[in-house]
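One structure below.
Readers should treat all values here as calculations from the given coordinates under stated rules, not as data from a laboratory. On a predicted model such as this, the values are computed, not experimentally measured, just so you know. Backbone-built Cβ (ideal geometry, glycine too); neighbour counts: all protein chains shown.
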Amino acid sequence: MLRALLVFACLALAGVPAMAGPFQGSDEYKAHLEFLGYTVTDGETSLIARHDTNYNISVKSYNGGVLVVTFFGTTSKAKRDRVGFLEFLNGMNAGSVAARYYEDDEGDVIVEGWYAGAYDRANFGVFIDKFNLIGDELGGSDIAGDYLE
């Protein structure tokens, strides 16, 4: 009886795909990021991707797609000049097409971009290229250096 139950359990589990990474489908994102030169590690619920020239990011499953997140430390001026700092963040959001900028509880600036739908090699590659252009947006801001480290 125990042997029959064990065989049944093995057969039942054989049809269930194993979840190797932190979320379903993360292996495709991980392989793509590694191809782009990121060093990627599995976090508990997200991929952590580090790069020498692009932004370090985390990638996690979110609302039918993935959320790509990076952050910047803030300067002492951001803490002193709250109105100017918040106006800067509002300006970045107003000019953004596919990202949102906000301050977290520790005072860092979080930048998020949402990639909708299932993984697609070409579309995800374009998305990551565009996400990394936030540096151009920040560089185009005359006051980013006043508030971001």
C-alpha long axis of helix 26-35 to longest principal axis of the chain, angle in °: 60 degrees
Dipole of the chain, positive end: most advanced residue of GLN24, THR41, THR75 [Cβ charges, Cα centre]: GLN24
On Cα atoms only, tilt of 82-94 relative to the major axis of the chain in degrees: 60 degrees
Computed lengthening from ASP105 to ASP142, 0.36 nm per intervening residue step minus Cα-Cα distance: 10.8 nm
Sequence-distant lysines (8 or more away, or on other chains) whose Cα lies within less than 30 Å of LYS30: LYS60, LYS130
